[in-house]
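The values are calculated or read from the model by the stated rules, or taken from the named source; none is laboratory data. Remember, predicted model here, so these are calculated numbers, not experimental data. No Cβ is skipped: glycine too gets one built from the backbone with ideal geometry, and neighbour counts run over all protein chains shown.
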Amino acid sequence: MGWAVAVAVLLSASPTFVTRGDVTPEAGLRREAQAAWTSLESQYAAQAGGLPTRAPATVTLQKGTSLAPERNAQGRPGVVELRQNTPGTLDARTRTALRHELAHQLLWWACPASSEDRLFHEAFALTVSGELSAWRDGPYQSLSSAAKEVASAPAVDTPRARRGLARILGEHTGFPAALTRRLRQCHDGTRWAAPLTVEELADVAVLAPEAATVVVSRHSGEVLFSEGDVRRAVPYGSTLKPFLYAAGTGPVADSSAPPLLPPRRGVQEWACGANLPPKVDARLALLRSCNGWFLDWEATGHAPKAFGVWGPVLSAVGLTGLPSDMTEAIGLRSAHGLSPWGMAQAYRLLAEARPDVLALLTGNVDEGTLSGLSTSKALKGVATKTGTVRDAASRPQFGWIAAVDADLVAVIVRPGKMPRHFVDELPALLARVRRQVGLDAARVQVLGLLPSTTVEARCSGAGFSLENGLPRAAPADFSRLDALTAKGPAVCLGSPWRVRFPGGPEGGRDYAGVFTWSTPPPYRPPPGVPTTPSALKARRGSDFVFRTTRVQYTAGVVAAEDVTLQGEARVALARVAAHNERHAATRHPGRALCDTTHCQAFRGTVRIRPEETRALQLPPLKWDAWLTFSQGGSTPWSEVRSRAQVESLLGTNLVSLRFESGRVRYLRTEGTPAAPYEDARSLPCDTLRAGLQLPSCPQRASFDGPQVRFEGQGRGHGEGLDVEAAKASPGLSSDALLNRAYGPRPPTP
């Protein structure tokens, strides 16, 4: 239907409004009625699938002469009765009443089959008149009690029944699906088989997703497992209570500390387990998921509103709207939704910002909502939070479990089940994901050769800096990484960090993980260690520490060292890279490895290849020491350095140099001319190689007056695994390649 035709039909379906002079101002009232009718027709068309096909010729607007306050004024066709408290004034109450009664008029003509269905009429009028929010004011009412009130007054002709109906209607995040189905019957002319029931109206099963499961890495943020529609936002039940707790507690809370509150016996919302103490604190309220405690906390006037500082975080990961009160925040009213993916992202940031809250939630299997189950012991040490969304008959529409351990964040949503009935899936899920290997944390000092003020980062998802446990949104564009990490970790939800710096690759590099600022201790090179500016920076380390998964770190090292490697040679190098990350103390005592060739190169996270996964599936390497490796190869080289350069590293009066087992062994003449003696010393060969900037560890050295000639082959910062030789040995396994490189005994320190 074209726009012009639609407008013509709309105008033709509008009645003429007539006033009798007892409700004023008459002209203003008629204009108000015309505008309201147009709006109501539009809402009807949007749900029914088309405009009403007929309307009354006239509708009389008159004063209600015997209209009791509690009467459901469904009225009669063609007549609208109104109360007007102040003659001549169209106040908000009169306008709302007018829209409500005109909704009944529209149904009389557009859907005559529903004329005897009082519940349908009243539900439609409450929904389209804009008065639902007004009926919600007052004490909290549970869905089950609201359903009882409506069931006890099926004509919906009492304030209590109407408030109960408004409570049920408010449970829907959009237009109630039951009303939409009925309106389409109206438009299609389908027979009105039976009146609308409370059960049909309150049924939110249409909102329930299929079973959905998602697991993300706490370290890299990547999705490790996904099943079902994990991006669909649905009501979240009690699962966001930890964010209220976090907003109201901690070093810097949004408000005063949560109070000790006495349970109110006989109140349904305080039915949160047996043997409650005389005063309940926030910790127990969170573990028991005591709705009454949270409602009473709000009543003190000190509870955080709209999740406090955590509201922007939840909005950034997809919360469909911030709660207007505590009943929405704790899921008693299903006004808003969040997807399982968004829930997992939010818990990832909470775990980073507030480890104390996660430690508290590990008690859920001991004394909380998941205690006393056969699965409870299997979840020891796992932080969990449950949530259940119920209908008016208190039936579970779907249940949530959010779980966090040292490496993973898991979210499970199941339709029609309470969390205690499917929690046994959680240990199996965590075990299944952990079969991917390499999901534990790896840390690396990054970008230390650059001035920290020149490094910039951007998050294309939702970036946050953490300051004393409080999340602060990161700028949308590139900003200085030192500023992002100045007061705590920087976390990018939903994507890797993109990092750029002058002279770096165009567009930057990906870093899937968490950045922190950690200034290294002052570095003083010991005698014989190179003191070039670059060498000093590499050995000092970096102010930026990056955390990701071990498999992501391993893949990044292999790609940085030799991106062309394949097969068993790549597996061998990956095993060495992963092994060395656990021996960081040999390079930077008390610190993570660096990302330069002083340790092993790392230039950000990359796509993981099967070889890296296989490398971490194999047993740990048997050598308990740092393992050197080099690009290797057989290309010979010869380099000349001045004797002064060499002696600046090794000391004066050199008489011989030789190389074996990854070390340089040398003799110096000491003592006096009358009583000379030879002093034998040794250093790691890599120290000499790096200080003199040689292609690899030399094989030979010869003195030629004021010069020293070094000869060797291949390239790299050490001996050990020769990458080029490994490439040329396709028939050897990674074990064979490593045994050939390092021998049956541990390398000499």
Check: (1) on the phi > 0 side of the Ramachandran plot; (2) exposed (fewer than 15 other Cβ atoms within 10 Å of the Cβ); (3) modelled with pLDDT of 90 or more: which one isn't true of G604, the others all being true?
Finding: (2)
Next item on the list: Could you give me the residue pairs with C-beta distances under 6 Å whose first residue belongs to the stretch 616-632 and is exposed (fewer than 15 other Cβ atoms within 10 Å of the Cβ), whose second residue is β-branched (V, I, T) wherever it lies, and which are 6+ apart or on separate chains?
Entry: Q617/V437
Check: So which residues in the stretch 449-493 are polar (S, T, N, Q) and free of Cβ contacts under 8 Å to residues at least 24 places away in the same chain, if there are any at all?
Finding: S479
Notebook entry, point to check: Residues of the stretch 286-321 being under 14 Å from V234 (Cα atoms) and in a loop (DSSP other than H, G, I, E, B), which ones?
Noted result: V317, G318, L319, T320, G321
Note to self: Looking at (1) farther than 24 Å from R587 by Cβ; (2) in a helix (DSSP H, G or I); (3) polar (S, T, N, Q), which one does T652 not meet, given that it meets all the others?
What the structure shows: (2)
Next item on the list: Only one of these is touching a Phe, Trp or Tyr at 6+ places or on another chain (Cβ under 7 Å) and more than 24 Å from R663 (Cβ to Cβ): T613, T605, T586. Name it.
Entry: T605
Check: When the residues of the stretch 655-680 are filtered to those that are out of contact with any strand residue (DSSP E or B) (no Cβ under 6 Å at 6 or more places or on another chain) and in a strand (DSSP E or B), which remaining residue is farthest from E639 (Cα to Cα)?
Finding: E660
Next item on the list: Just one of (1) surrounded by 20 or more Cβ atoms within 10 Å (Cβ to Cβ); (2) part of a helix (DSSP H, G or I) trips up T613, so point out which.
Entry: (1)
Check: Which one is nearest to the chain's Cα centre (by Cα) among residues in the stretch 116-141 that are in a loop (DSSP other than H, G, I, E, B), modelled with pLDDT of 80 or more and farther than 13 Å from A97 by Cα?
Finding: D117
Note to self: Restricting to the stretch 388-426, and then to whatever is among the aromatic types (F, W, Y) and buried (at least 24 other Cβ atoms within 10 Å of the Cβ), can you tell me which residue is farthest from G438 (Cα to Cα)?
What the structure shows: F398
Note to self: When the residues of the stretch 683-728 are narrowed to those that are part of a strand (DSSP E or B) and buried (at least 23 other Cβ atoms within 10 Å of the Cβ), which ends up modelled with the lowest pLDDT?
What the structure shows: D722
Next item on the list: May I ask you to list the residues in the stretch 438-483 that are of a type in the set (A, V, I, L, M, F, W, C) and over 21 Å from E352 (Cα atoms)?
Entry: L447, L449, L450, V455, F478
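For every residue, the table says whether it meets (1) within 30 Å of A442 (Cα to Cα); (2) surrounded by 19 or more Cβ atoms within 10 Å (Cβ to Cβ).
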| residue | (1), (2) |
| --- | --- |
| V215 | yes, yes |
| R218 | yes, yes |
| G221 | yes, yes |
| F225 | yes, no |
| D229 | no, no |
| Y236 | no, yes |
| K241 | no, yes |
| G250 | yes, no |
